[in-house]
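What follows is one structure encoded as structure tokens, with my remarks underneath.
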Amino acid sequence: MNSAPIQSMSHPLEMFGYTSHALMVPPFPPRSVLMLGYGTGTVYRLIDQVWGPVNMTGVDVARPDCDLSDVTFAQMTASRFVHEYKGDPYDFVVVDLYNGNRIPEFVFYESFVDELSRLCGKLLAVNLTFYNFLDFKVFDRRFIIDCVKRVNCGNDQDDEDKVMFLRRRP
């Protein structure tokens, strides 16, 4: 079992729009959401605040110390979940996978991106804080970049929170 810290925390409502978590709220009301890197459910709570109740599946290596009564939760690696998943595609998929300030290497593997495209129905959001969106070139084969949202922009790319939204290629 990975004992990595959960990379999430609560933000006051007045901070909405100023964090990478708020950037990951989809621009439409999703019916189903897959959250790879569930953390403590910050993104789930924000989606619920904006769009109301949603069918949420959360995946994380550590079970969070928060209420999971409205969430289907899988305690496992995101790579294992994506590889083993056989159900219907999710409307919205979030990749918020960090160990400290590093994204796990498997996120950049073609096999992971191929499997991710299979379970992404409408839109994919990738938290790329600490990274440049060009680092995600491997996603080009299966996805089209829709937009990159940024907040807390500083002089250095490490000073800003960024989320990339992608649509699955037809």
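A few notes on this one:
- In this structure Thr57 has an accessible area near 10 Å², from a 1.4 Å probe over the protein heavy atoms.
- For region 16-145, the share of accessible area belonging to carbon and sulfur comes to 52 percent (1.4 Å probe, ligands and nucleic acids excluded).
- Across the protein chains, with a 1.4 Å probe defining accessible surface, the residues Arg31, Arg102 rank Arg31, Arg102 from largest area downward.
- As computed over region 76-124, the Cα convex hull volume per residue (Å³): 74 Å³
- For Ser69, solvent-accessible area (1.4 Å; no DNA, RNA or ligand), Å²: 90 Å²
- Cross-link partners of Lys86 among lysines, defined as those whose alpha carbon lies under 28 angstrom from its own and excluding same-chain residues fewer than eight positions apart: Lys122, Lys137.
- For region 50-151: rounded, prolate or oblate by the Cα gyration tensor [a/c cutoff 1.5]: rounded
- Tyr44 accessible area, 1.4 Å probe, all protein chains in place, Å² to nearest 10: 30 Å²
- Amide proton proximity set for Asp146, modelled H, under 5 Å, gap of 5+: Phe165, Leu166, Arg167
- Amide H contacts of Arg31: Asp91, each under 5 Å away and 5 or more positions distant or on a separate chain (H built 1.01 Å from N in the peptide plane; Pro and chain starts excluded).
The values are calculated or read from the model by the stated rules, or taken from the named source; none is laboratory data. As the structure is a prediction and not an experimental result, all values here were calculated from the model. Surface accessibility is based on the protein's heavy atoms, side chains included, excluding ligands, DNA and RNA. Shrake-Rupley method; radii C 1.70, N 1.55, O 1.52, S 1.80 Å.
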